[in-house]
Structures are given as structure tokens and as C-alpha cells.
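Asker: Please find one structure pasted underneath; my questions will follow.
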Amino acid sequence: MNFLGYKRPDGRVGIRNHTLIIANGRNAANLGALISKSVQGAKCFVATNENGRGADDRAAIARTLTGLGNNPNVGAVLVVGAKRDGSHEEFFYDAFVGEIAGSGKPLETLFMDECGGFDAALGAGVRKARNLLIAASRAERVRAGLGDLFLAVKCGYSDASSGMAGNPAVGHLFDSVVDAGGTAVFSETTEVIGAEHLLSKRFTSPCEAAKFLAAVQRVEDEAKALGKDIRTINPIPANIAAGLSTLEEKSLGAIAKAGRRPLGQCLRYAESPKSRGLHFMDSWMSSSVLFLGFAAAGSVLNIFQVGGGSFGKGQMMPTANAGVVAPTIFMTGNPRTFENTGEDMDFSAAGILTERRPISHIGNVLCEKVCKIAGGELTKGETLNIEEVVEVYLRGACF
Amino acid sequence: MISVIVMNVADNVGNAIVDLKPLQTAIYELDGKEHSVSCQTEVPYGFKIAVRKIPKGEDVVKYAEPIGIASRDINEGECVHVHNIMGKRGRGDLE
């Protein structure tokens, strides 16, 4: 299966061609946001404050910002700042701008202290961003295949259909992408508890398997430290209302989305994998952090696979553009959910339940849909002008 | 007509894919053969039904893996949910 995509100077293939504006720290984030408002279609991510945080969290913020810049869906990048060097070494010019420059894509910088302050920087920034937009627009789509894709998936609002239909269909898609030489990432550390023994033996490196098991142990220990049954937190009330009874049941259904191929790395949040193939990202499951972290790792297309058994009639999609530069396919395997909220869905895998279609058949239809969207067809989420609040997943204390 | 899906021969629960009523006969397929279970309770769409008796303290098995344990005796044909099973993992309340 093929599509037309944007081949970037570093060889990676994008499916969209955005111009991105990011700041090298919180104190220039508003400048970036103002510039992006004046420039047609420009994307911007305003990160949380990096000050008063430990090195791991600062690194996660920097990694998220530069990762978005490096995402192959981004055709050009403007980095703004108060000064060339940001507040901490992770945000210094060489580390921050240098990381994005490695991608070889059109890149401009703009620093308030070098161009006469905020007002002057705003004008100069709009000019630079408009020129970058034109530079990015010169990119032409070229022939690409499944093996050029980097996909990521999160499941949500899980119910019985998730483990029987929607997630297995995504698993088949992931197997196809990995077999073709592409990259696929899944995550949600809490939601492998009870299924980690099935995943850990699929890691090709014992070191990565140990990292993975340690991550699962860490979240379970943290949950236990609250002194509650984790069932009062996860499965979430929407899962229980739809018939899921325990975290183990949810997890065993959730891992079907990972397909059956060997696992490479246990990635940190927003970390790019070193090789193609299938990888796990150690992260909180929330759609407000995970799609952003996937995009920063390099995902060009995120999948939100919902059960939705508890959705109200006509409910809108719970998240639209949380990947900032990577669109989201919104799908379900639950026929009632699709009937209720299908207007906002990009795909239904419900045929697995209603017509007892083989998972491989629906998985292949999903593959075709992915290629259409990769080639430029808009997702339902992309038709909405929603800039939702998304955040970097941070684990440390604040000081 | 199939009204329950049992994922694996090792499983003692299946998922209703219709709304099941008491005394209704639910049909499921395993290894190409049809099996039936008589519903003892309402089992709403997407909820689990016991396809075998599960004594208190025994594993509830789905996907051929334990998803928790029975917190009381569960009869064949009964709805299986938070009222009669509990998880084994993340139990900070038991520490």
C-alpha cells in the first residue's frame, strides 16, 4: 500500500506539511503564540514552565519541543527566545536549536534581545514565519509506502469491544507497518499491569525488557502507596460503566493494539526510537499528554482507538488535535458507539463483532484508511479549529 | 445466533454482544462448535457472563489469563462484574 508523502532532508517521511513555532523556554512562549496567530496555518506548542523543575523534567520539556520540530510532518521551524540561550542548559542554543538543525529542514531563530525587544521581535517573527511558510510550501509529495510510516496508538474509554475488535484491528495494522519496515509505538504503563508478562518476553533486548518491567513495577508501587484499590482510579468510571471489571481485564484487552511483533525499546516520554519496528513508551495514559509525546517521538499519525460503551448519544470526540503536528484517527470497534457518535469517527472496526469479519480483513481496511489519510485526506479532528490544552508528561516534584 | 463471545477455550467468562435477559439461552462459538449457556441474570451488552461456575477465590479467566478473582461464588449464566470479582493487582487497600 502506498501514499504520497513529504520526504524530509533526513530521509523521514511526513504526511502533513506544517510550519511550527516553538520557544526555547517559558519566557518567550507568548511571543511564539502571538506570531503563530498571525500566520496562516502555523502550529505552536506552548510548554509549561521549565523553571523550578529537576533535570529529568526539564529534559522532557526540551525533548518534547525539539521533537515536535524534528517531526517529519513539520516542513519548517521558527525557534523564538528572549535570548539565544534559554534558562537551563537543555534550552541553550547549541543543545536546543542544534537538535532541530540536524533534521536539515528550513529553520529560523529569533531572539528578543538581538532584535530590539518584544515589539520588534513580534514584527520580525511574523515576517520570518511567513517566509518559512512559503519555504515549506515548496515541498512536493512523493511516492512513499507503509514502511515509511511512524504510527502510534492510544486506546481510550475502553469496553469489551476494545479487546475483541478495535485493539486487535490496530494490532494487525501495526504488524503490517512493522513488516513493511515502518515504526509503531504504543504506551500507557498503568494499562499493561496484569499483561506485562506477555509483553516483556517480546523485547529483543533483556536490558529493554528489564526497563519495561521496572516501569510497570514503579507505577504499581505508586498506586499501592495511595492505600486504595487501583480500581477506584483505573479502570476509570467510564470503563466500569461499560462492563470492564478490573485493571487486569482492561490491560489484557489493551495490549492487543500492540500486535504480535518483537519489541525494541522501552522509550521515555517523547523519546525518539533509535530504530524502526515496534516500541513501548513509558507514559501516563491521558490523551492530554500522550498524543503530544507520540508526535515528539516522531509519530506522523496517532490513532485514538475507543470503546466508547459509556458515550452519550452524539457525544463529540474527547480529543481532536492533541498531537499538535500529528493528526489523530478516531476509531471504535463498538457498533453502538459508532451508531451513536459515528459523525465524529474516522473508522469503525465494528464489523469484527457485527458480521464476525476476520481481524485481518478489518485490519487491512484500516491500513487502506491510514494510507488515504497519510496521502492528505483530512481526519474529522483536523476539520475543527481546536487548539486544545495539551501538556508535557512530567513526573518530578516542583520547587 | 451468536450472542456471547468467548475469547479462549481456557476462559470461564464471555462477553455479551446483545442485551441478555434471565432464562434466555446464550449461544457462543469455540473451536468451530456452538455452545450454550442459560442466563441467570441480566447481562447487558458488553458485560461478562460466566460460562462455567466460578467458586469464590478462584481466578476469573479471559484471554486465557486471570483478570481477577471471584469475590463470591458465581453461578454459570450469571453476570460477572465488580459486584462479584475483584482485581489482584494494584491493591493498595490490602497492603
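The values are calculated or read from the model by the stated rules, or taken from the named source; none is laboratory data. The structure displayed is predicted, hence computed values, not measured ones. Please note: Cβ atoms are built from the backbone with ideal geometry, for glycine as well, and neighbour counts cover all protein chains shown. When the accessible area is computed, the model is the full protein with side chains, heavy atoms only, and any ligands, DNA or RNA have been set aside. Shrake-Rupley method; radii C 1.70, N 1.55, O 1.52, S 1.80 Å.
Asker: Counting Lys and Arg as +1 and Asp and Glu as -1, what is the net charge of the other residues whose Cβ lies under 12 Å from the Cβ of A:Gly67? Intermediate values should be presented prior to the final figure.
Answerer: Working: positive: A:Arg63, A:Arg268; negative: A:Glu99, A:Glu271.
The answer is 0.
Asker: With every protein chain present, what accessible area does B:Asp73 have (1.4 Å probe, heavy atoms only), rounded to the nearest 10 Å²?
Answerer: Counting only protein heavy atoms, B:Asp73 exposes about 80 Å² to solvent.
Asker: Expressed as an acute angle from 0 to 90° and rounded to the nearest 10, what is the orientation of the C-alpha long axis of helix A:287-297 relative to the principal long axis of chain A?
Answerer: Between helix and principal axis, roughly 60 degrees.
Asker: Springs between alpha-carbon pairs under 10 angstrom, Gaussian network model over chain A: which of A:Ala124, A:Ala62, A:Ala42 fluctuates most?
Answerer: For chain A, modelled as a Gaussian network with Cα springs under 10 Å, the answer is A:Ala124.
Asker: Oh, and also: Could you tell me what percent of the DSSP beta bridges with both partners in chain A are antiparallel, to the nearest 5? Walk me through the intermediate numbers first.
Answerer: Numbers: 8 of 46 bridges.
About 15 percent, rounded to the nearest 5.
Asker: Please report, in debye to the nearest 20, how large the charge dipole of the stretch A:18-138 is about its Cα centre when each Lys and Arg carries +1 at its beta carbon and each Asp and Glu carries -1 there.
Answerer: 560
Asker: Work out the mean other chain Cβ neighbour count within 10 Å for the residues of B:41-50 and drop it here as an integer.
Answerer: On the way: counts 0, 0, 1, 3, 9, 16, 7, 5, 0, 0.
Mean partner shielding for this stretch: 4.
Asker: Here's something else I'd like to know. Between A:Val39, A:Val142, A:Val192, which gets the highest mean-square fluctuation from a Gaussian network model of chain A, Cα cutoff 10 Å?
Answerer: Result: A:Val142 has the largest fluctuation of those listed.
Asker: Same structure, new question: Pairs A:Lys201/A:Lys313; A:Lys43/A:Lys250; A:Lys154/A:Lys274; A:Lys250/A:Lys369; A:Lys154/A:Lys201: which are spaced more than 31 Å apart, C-alpha to C-alpha? Don't skip to the answer; put the middle values down first.
Answerer: Details: A:Lys201/A:Lys313 41 Å; A:Lys43/A:Lys250 35 Å; A:Lys154/A:Lys274 21 Å; A:Lys250/A:Lys369 26 Å; A:Lys154/A:Lys201 21 Å.
Listed pairs above 31 Å: A:Lys201/A:Lys313; A:Lys43/A:Lys250.
Asker: For the stretch A:18-138, what does the alpha-carbon gyration tensor say about shape, rounded, prolate or oblate, given a ≥ b ≥ c as the root eigenvalues, a/c under 1.5 as rounded, and a/b over b/c as prolate?
Answerer: Details: a/c = 1.77, a/b = 1.26, b/c = 1.41.
Verdict is oblate for the stretch A:18-138.
Asker: Distance in nm between label sites at A:Thr48 and A:Thr232, each 7 Å beyond Cα in the beta-carbon direction?
Answerer: Once both label points are built, they end up 2.4 nm from each other.
Asker: What distance in nm separates the two pseudo spin-label positions at B:Met1 and A:Ala180, each 7 Å out from Cα along the beta-carbon direction?
Answerer: Label at B:Met1, label at A:Ala180, 3.7 nm between them.
Asker: Using 1/(1 + (r/R0)^6) with R0 = 22 angstrom and r between the beta carbons of A:His197 and A:Gln315, what's the FRET efficiency to the nearest 0.05? Provide the component values of the computation, followed by the final result.
Answerer: Working: r = 36 Å, r/R0 = 1.62.
Taking R0 as 22 Å, the efficiency between A:His197 and A:Gln315 is 0.05.
Asker: For A:Thr341, what accessible surface area do you get with a 1.4 Å probe? Give it in Å², rounded to 10.
Answerer: 10
Asker: By how many degrees, between 0 and 90 and to the nearest 10, does the Cα long axis of helix A:29-38 differ from the longest principal axis of chain A?
Answerer: Around 90 degrees separate the two axes.
Asker: Another one. By the scheme Lys and Arg +1, Asp and Glu -1, what is the net charge of all other residues having a beta-carbon under 15 Å from that of A:Arg261?
Answerer: Taking every other residue near A:Arg261 into account, the sum is +2.
Asker: Can you work out the FRET efficiency for the pair A:Glu343 and A:Ala135, with r the C-beta to C-beta distance and R0 = 45 Å, to the nearest 0.05? Spell out each step's value before the answer.
Answerer: Values: r = 37 Å, r/R0 = 0.82.
The computed FRET efficiency comes out at 0.75.
Asker: Please state, as a whole number in µm²/s, the translational diffusion coefficient that the Stokes-Einstein equation yields for chain A at 20 °C and 1.002 mPa s, with Rh defined as the Kirkwood radius across alpha carbon pairs. If you can, show how the numbers build up before the last one.
Answerer: Values: Rh = 21.3 Å.
Reported coefficient: 100 µm²/s.
Asker: For A:Tyr157, tell me the accessible area in Å² from a 1.4 Å probe, rounded to the nearest 10.
Answerer: 80
Asker: At what distance in angstrom do the alpha carbon centres of the stretch B:7-31 and the stretch A:292-354 lie from each other?
Answerer: 27
Asker: If you don't mind, another one. What do you reckon, how do A:Glu391, A:Glu188 stack up by accessible area (1.4 Å probe), largest on top?
Answerer: Numbers: A:Glu391 85, A:Glu188 0 Å².
Final ranking, largest accessible area leading: A:Glu391, A:Glu188.
Asker: For helix A:167-179, report the angle its Cα long axis makes with the longest principal axis of the Cα atoms of chain A; keep it between 0 and 90° and round to the nearest 10°.
Answerer: Result, in degrees: 60.
Asker: Average the reciprocal distances over every distinct pair of alpha-carbons in the stretch B:4-94, invert the result, and give the Kirkwood radius in Å.
Answerer: Numbers: mean 1/r = 0.0765 Å⁻¹.
Every distinct Cα pair counted, the radius reaches 13.1 Å.
Asker: With a 1.4 Å probe and all protein chains kept in place, how do A:His279, B:His83 rank by accessible area, largest first?
Answerer: Values: A:His279 0, B:His83 95 Å².
From most accessible down to least: B:His83, A:His279.
Asker: For chain B, with the dipole built from +1 on Lys and Arg beta-carbon atoms and -1 on Asp and Glu ones, taken about the Cα centre, which of B:Asn75, B:Asn8, B:Ile27 lies farthest toward the positive end?
Answerer: Looking along the dipole axis, the top candidate is B:Asn75.
Asker: In whole angstrom, note down how far apart the Cα centers of the stretch B:80-95 and the stretch A:201-275 are.
Answerer: Comparing the Cα centres of the stretch B:80-95 and the stretch A:201-275, I get a distance of 17 Å.
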